[in-house]
1. Among the listed residues Val180, Val138, Val162, identify the single one that is of a type outside the set (Asp, Glu), within 22 Å of Gln224 (Cα to Cα) and crowded, with 18+ Cβ neighbours inside 10 Å.
2. For the range 8-89, list the strands (runs of 3 or more DSSP E) that sit wholly inside it and hold at least 2 residues that are within 18 Å of Phe159 (Cα to Cα) and at pLDDT below 90; which are they?
3. With respect to Glu169, is the statement that it is closer than 21 Å to Ser233 by Cβ and either touching a His at 6+ places or on another chain (Cβ under 7 Å) or modelled with pLDDT under 85 (or both) true?
4. Please name all residue pairs, on different chains or six or more residues apart, with Cβ atoms under 7 Å, provided the first residue is in the range 174-189 and is modelled with pLDDT under 90 and the second residue is basic (Lys, Arg).
5. Look through the range 191-236, keep the residues that are free of Cβ contacts under 8 Å to residues at least 40 places away in the same chain and hydrophobic (A, V, I, L, M, F, W, C), and return whichever of them is farthest from Val126 (Cα to Cα).
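The values are calculated or read from the model by the stated rules, or taken from the named source; none is laboratory data. Everything numeric in this text was worked out from a predicted model, so none of it was measured. Cβ coordinates were reconstructed from backbone atoms using ideal geometry, including for glycine residues, and neighbour counts include every protein chain displayed.
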Amino acid sequence: MQSQPFSDAVTGLFACGLGVATSDEAACIAKFMVNFHVGPERSSDLFKLKQNFRTHSSVLNLAQSVLTLLCHFFPKSVDKLESETSLVHGELPVLLQSCDQNVLKNIFHSNVGNSNGVITFRAQQVILVRDDCAKEQVIEQVGKNALVLTIIKCTGLEFQDVLLYNFFEKAPLEPGWEVVYEFMVHKNLLGARSLKYPPFNKDRHSALCNELKELYVAITRTRQRLWVFESISHPLFDYWKKLGVVKLGEFDFSFGSGMLVFCKLEEWNLCG
């Protein structure tokens, strides 16, 4: 799998001496900014393209919810830009939970196929995990029936569908996600609900900054469908459900089978 090349139009801007900056090569059309000289009295103009042509509005809304937390707790860690928009509407990301520890194995080893291909995750689908240890554990369950990548390895890549698997449950340290409730109180998102949570402390919760950035990268790898599976409950889920940016699902055999498609062997070969 290789990242998307710059388009001819963007390459042409470089040839004309115009500067293009983007935080994600695969999203260069959606997020680039152009600087150009227009005369001695004005050194440059800045044009921001907020329209995202890579994914749909439901994924952007979920990603924006993560950026909002990042800007609130760590305002100096990211540039403050206007929210991206999309003219395309898609299905809400699905928050999945299951008590079955063998759910992946049961789903991916029940596929059928023939000499031309199999019913599995297609070449443009991926399972994203936190680290190499989690990757090995998932590969033990799915075998060669799905592409499994760590989040850091998928930076700059994009896929049709993404399954983010146990991102929170596999966290090596507890970064203090309960402070999300502090933000929800600040934004009147908790209502009359009373919860105990530690107050935010920049030093004590410093690990949360990288966690939010990594989560944002994982969410924005998909063009169409996003599934977030967790075997544990999490404060962020209350935040997402209150905002209405996810829908709930049960990660069982029936749901998992609907994620699989018939994948021709040629599709995998084209991806290298």
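1. Selected residue: Val162, the only one of Val180, Val138, Val162 that is of a type outside the set (Asp, Glu), within 22 Å of Gln224 (Cα to Cα) and crowded, with 18+ Cβ neighbours inside 10 Å.
2. In the range 8-89, no matching strands (runs of 3 or more DSSP E) lie anywhere.
3. So Glu169 fails the test.
4. That search, which allows pairs on different chains as well, returns Gly176/Arg204.
5. Checked the range 191-236; the qualifying residue farthest from Val126 (Cα to Cα) is Ala192.
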